[in-house]
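Asks: Can you read through this structure? Questions will come right after.
The values are calculated or read from the model by the stated rules, or taken from the named source; none is laboratory data. Predicted model only: the values in this text are computed from it and were never measured. Glycine gets a Cβ as well: all are built from the backbone with ideal geometry, and neighbour counts include every protein chain shown.
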Amino acid sequence: MSDRMLTMAEAVREAMSIAFDERPEVFLLGEDVGIYGGAFGVSGDMYHRYGSERVLDTPIAELGIVGAAVGAALSGMRPIVEIQFSDFTAQAMDQIANQAAKIHFMLGGALHVPMVLRTPQGSGTGAAAQHSQNLEPWFASVPGLKVVVPSNPADAKGLLLASIDDPNPVIFLEHKLLYKIPGRDPVPEGSERIPLGVAKVVREGKDLTIVATGIMVNKSYEVCEKLAAEGISVTLIDPRTISPLDMQPVYESVEKTGRLMVVQEGPAHAGFINEVIAQMAGSSSFGSLIAPIKRLAGMNIPIPYAPQLEKAAVPQIEDIEAAAREIVKNWR
Amino acid sequence: MSANPLLMGHPLASTENARHALLYMCRIRKFEEAVEDLFGRGMMHGTMHLSIGQEASPTGMCMALTIQDQITSTHRGHGHCIAKGADLTRMIAELLGKEIGYCGGRGGSMHIADVDTGNLGANGVVGGGIPIAAGAALASKMMKKGTVAVSFFGDGAMNEGAFHEAANLAAIWNLPMILFCENNKYGMSSSTEKAFAIDNLADRGKGYGIPGINVNGNDVVEVYEAAQIAVDRAKKGDGPTLIIAETYRWKGHSRSDKNLYRTKEEIEEWRLLDPIPKFIARAIKEKKLTQEQCDAIQQEATDAIVAAVNEAVKAKAADPAGLLDAVFKKVSA
Amino acid sequence: MSFKYPVVMPKMSMTMETGELLLFHVKVGDQVKSGDVLFEVMTDKIDMEVEAPADGVIESLVGNPGDVIEIGKPVLIMLTETEVMAFDFGGDSAAPVAEPVAPVVAAPVVVEPVVTAPVVQQVAPTPPPVAQPVAPVAAAPIIVNTSVKAVPKARVEAANRGIDLRTVHPTGPDRTITFSDVNSAQVDPAVLKRQAANKALIAKGIEMTRGIAQASFNRRANANFDHAQLISAWAKVLRGRPDLAVHQHVGVSLIIESKYGSALPVFRDPDLVSVDQLRTLVASTTEAAKNGKVPIAMLSGGTTTIFDLTTYSMSSATPLLFPNQVTSLTIGYDSESTKNISLTIDLNFCDFYDGALLLDALIASL
């Protein structure tokens, strides 16, 4: 067992490096991924280790970059595209949603697009509305894309390796606040993959089930610890990949706890987490609920700039804690 | 594998080459006519974009390509497919929504791809294929495949950001790519005069630092010659080329087009510039083909299309049962 | 002609299946008058005196004190000159038919027995003076459980255990029944049985009422009337229209929900006493009915029915016409100061115009 505590940026870099070493067809392209080391330092020294051909700096041309990755993926390469901020995927949406996602299906399976699009997302950096969104519902609503939302370095490493292996386009959404924070768990050495489509039960409890994505897993975890000290035990589930979505552990847990709370940073309206609620409502586990399902999500507003406003726009630890207490207290 | 492997070389280099050029132009013409007929009979779903009148451009371009060289195509893509060597029966079958169609009925007219002939697919989005071709060229360069990637697109696509971004990437990365514009004068109803502030579309190449060549897109010989120059440049590592092939679509943009934006006289003028008789005259003059041979080739093309339609019509309709499984490629263990 | 009249173990609650015969008040050969106490029975909930449904002579005693007798089975047989017809909604199949006698079930709490010669029979081609074992009609309109807020698991649990969610006290936010509310709720076997009985009853009611053409009229009225005033006023209105009546008297049946089922005590000719007198009677009868006791004399003779939904905070419900009744009234909540009054009529007996006039007259007199 390793005790290496890495940040998510380091873990992602390590996964990319392993893939680079394993497969010559893997390469990274994106704005400032080369000598600069990536806007958030994720590619780091890879430019020096693998050279300018495999760590390919691009002009600021998201549509062109993603399109080039699609074409390269169709032609035998396994590109990893880094889009500097997930918000900028809007520039590349034709290539993501109309091309990459649909080529395999439209062409009757003749071709496939083994491509990973990595991009940082989320609020908390004061970068305001065009640099802070959580866009997983955009991608999750397009059949043909797999969507991964890692919440910690160890998962990020295993999931990214599996994403690079995957013969389909994978959108890999990294929360930027997690880049610099070491995870709770050490990152294993080696190249073990974490299969896409398998949720992780982060901790088990009997009073409440929380399903959270991305950074909200970390915030929820802190709440779980605090409540555990008071005798309230919570099951925390991290879907890890939201397309495909693994609901089985959620059903099993809700059948034990009878209470479900879902947490995401992105806006509530038409957010991804609603899919969890919808699937629960349509399942036979619905009859196990002893409480209305609680949803905690961002406000339905663009992410504001000022720190107090930004904080107010998305669920904070205190919000999760209060909601968890309330649901356990009120519904017995 | 296609029944008709690509033949490379100058259309007038030999009788065989001349025969190939004529046969493929005629195949495209007859294919499009058959599609129009099937559509008219209500046997075809959706819409269609016919390339009648433009046959010389894909034929001339593809005679400069190996079967490994790649292309991306457009919504008006039947010609590119055929010129690159696709199987006619599977093409018709796709348009008829049959299981044996290139896409198993999932793509239809705008999404035919043929891996065996290096065709990365037609595209329903204007300009959608251009960055993809740049990526294919990037892969070729990285993998040292020695192949070239050609992106066919129309004049309309040249005003898309995708064209700009892809052209620039191809240029700065020196990619083995050919940006092949079939300038048929109209992006749907918008004439090039309305849509561009420059007279010569090839001038756009300068902006990216790549050569821009104008050719008569209705002359298969001229198209081939320009294409061969571009292919040679690409394969030598000298980077991309922009080719503007001036041509004209005789038919409307799609089935619903009433031709309100152009005159009958203009269409008639261009009909007189039909690339097929033009090439027949040249081939006979240069003694590569006789009139009898030309007649026989045209008949052969017609027969091939009729046979393809007959076979495709009989094929099994595409089955919805497998739809869910078709979204993702299976992850191999 | 005299009829053998089996006086059976009455069904005194929806849940009742058997009753224990406590003692006889009569012996063979006794001459009894309608209303005389014949015997006493005990059920899980109620002790009750069973009265003679008609004048007659005791022919035989069937059971013995201490016997547990199924509802509908005879306890004693009397001979009577009166033709009696009865309905039973719970244990109809159990009702013994003693030839050539009209089978009668004394005192079903559920519904409306008895009337003199219903019009239906008068118009029948061959009207033999024989009562028929008659099919029933739904008793109380059912309040659907979705009117109660409960979490999903509470519903599942309530359904599994046969708990009526209306009987469960909600402790959750917004008066929602939580799982533990249901979990700690006492399962009342009586409620269970009542639910089962209600189901059968409703099915029969649907069968029975199919084919009756009815129409409803609805109007808002000031809410400042009580049950006595309403009953009295309605009886007066009906008395003014003898042409619409199937019966000689006016009997206003008031539906009272109790945990033992729906009781329908009948206030016979209530407009002939003072409203104050009536008020006293309504109050005592309502109280008794809630405790599962309705004087047997008040169990028959209804010619119209009143269902007051305001206690459920409901504004309207689909009304039902009981057999051989031409009208029914449904009182619903409208606002603090107003109520909805709906009148339902049987179009076989009156037309739309009559209906409108009746409702108009009622509201005018309130």
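Asks: Testing A:N218 on (1) more than 16 Å from A:Q121 (Cβ to Cβ); (2) surrounded by fewer than 24 Cβ atoms within 10 Å (Cβ to Cβ); (3) of a type outside the set (D, E, K, R); (4) out of contact with any Cys (no Cβ under 9 Å at 6 or more places or on another chain), one condition comes back false. Which one is that?
Replies: (1)
Asks: Continuing with this model, one more query. Might you check whether a residue that is facing another protein chain (nearest Cβ under 9 Å) and without any contact (Cβ under 8 Å) to a residue 60 or more places away in the chain occurs anywhere in the range A:129-141?
Replies: No - not one qualifying residue is present in the range A:129-141.
Asks: Could you count how many residues in the range C:260-284 are among the basic types (K, R) and either more than 21 Å from C:I331 (Cα to Cα) or part of a helix (DSSP H, G or I) (or both)?
Replies: Residues in the range C:260-284 being among the basic types (K, R) and either more than 21 Å from C:I331 (Cα to Cα) or part of a helix (DSSP H, G or I) (or both): 1 in total.
Asks: Can you find, within the range A:298-331, the residue that is nearest to the other protein chains (Cβ to nearest Cβ) among those that are crowded, with 18+ Cβ neighbours inside 10 Å and outside any helix (DSSP H, G or I)?
Replies: Among residues in the range A:298-331 that are crowded, with 18+ Cβ neighbours inside 10 Å and outside any helix (DSSP H, G or I), the one nearest to the other protein chains (Cβ to nearest Cβ) is A:W331.
Asks: Here's something else I'd like to know. Just to be sure before I move on: is A:A90 modelled with pLDDT of 95 or more, more than 8 Å from chain B (Cβ to nearest Cβ), touching a Pro at 6+ places or on another chain (Cβ under 8 Å) and within 24 Å of B:V125 (Cα to Cα) in the structure I sent?
Replies: no
Residues are listed down the side, and each one gets a yes or a no for (1) over 21 Å from the mean Cα position of the chain (by Cα); (2) at pLDDT 60 or above; (3) surrounded by 19 or more Cβ atoms within 10 Å (Cβ to Cβ); (4) in a helix (DSSP H, G or I):
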residue	(1), (2), (3), (4)
C:P128	yes, no, no, no
C:D181	yes, yes, yes, yes
C:Q186	yes, yes, no, no
C:A203	no, yes, no, yes
C:M208	no, yes, yes, yes
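Asks: Could you list, in sequence order, all residues of the range B:92-109 that are within 12 Å of chain A (Cβ to nearest Cβ), crowded, with 24+ Cβ neighbours inside 10 Å and assigned to a helix (DSSP H, G or I)?
Replies: Correct list: B:A93, B:E94, B:S109.
Asks: Give the residue, chosen from B:N168, B:N200, B:N216, that is within 13 Å of chain A (Cβ to nearest Cβ) and surrounded by fewer than 22 Cβ atoms within 10 Å (Cβ to Cβ).
Replies: B:N168
Asks: Select from the range A:262-291 the residues that are part of a strand (DSSP E or B) and within 14 Å of chain C (Cβ to nearest Cβ) and list them in ascending order.
Replies: None; the set is empty.
Asks: Does A:G108 satisfy the condition of being touching a Cys at 6+ places or on another chain (Cβ under 6 Å) and either assigned by TED's automatic domain parsing to the domain that holds A:N168 or buried (at least 18 other Cβ atoms within 10 Å of the Cβ) (or both)?
Replies: Yes: the conditions hold for A:G108.
Asks: Looking at the range A:47-61 only, could you name the residues that are part of a helix (DSSP H, G or I) and within 8 Å of chain B (Cβ to nearest Cβ)?
Replies: None - no residue of the range A:47-61 is part of a helix (DSSP H, G or I) and within 8 Å of chain B (Cβ to nearest Cβ), so the list stays empty.
Asks: Okay, moving on. Can you find a residue that is over 22 Å from B:Y248 (Cβ atoms), within 14 Å of chain A (Cβ to nearest Cβ), among the aliphatic types (A, V, I, L, M) and in contact with a Ser or Thr (Cβ under 9 Å, 6 or more places away or on another chain) anywhere in the range B:276-291?
Replies: No, every residue in the range B:276-291 fails to be over 22 Å from B:Y248 (Cβ atoms), within 14 Å of chain A (Cβ to nearest Cβ), among the aliphatic types (A, V, I, L, M) and in contact with a Ser or Thr (Cβ under 9 Å, 6 or more places away or on another chain).
Residue-by-condition table, conditions (1) in contact (Cβ under 8 Å) with a residue 40 or more places away in the chain; (2) crowded, with 23+ Cβ neighbours inside 10 Å; (3) not assigned by TED's automatic domain parsing to the domain that holds C:V50:
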{"position": "C:S300", "(1), (2), (3)": "yes, yes, yes"}
{"position": "C:D308", "(1), (2), (3)": "yes, no, yes"}
{"position": "C:S316", "(1), (2), (3)": "yes, no, yes"}
{"position": "C:V326", "(1), (2), (3)": "yes, yes, yes"}
{"position": "C:G332", "(1), (2), (3)": "no, no, yes"}
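Asks: Looking only at the range B:274-305, count how many residues are in contact (Cβ under 8 Å) with a residue 40 or more places away in the chain, part of a helix (DSSP H, G or I) and not acidic (D, E).
Replies: Looking only at that region, the number is 15.
Asks: Inspect the range B:20-43 for any residue being outside any helix (DSSP H, G or I), under 16 Å from B:V231 (Cα atoms) and not basic (K, R) and give the result as yes or no.
Replies: No: the range B:20-43 contains no residue that is outside any helix (DSSP H, G or I), under 16 Å from B:V231 (Cα atoms) and not basic (K, R).
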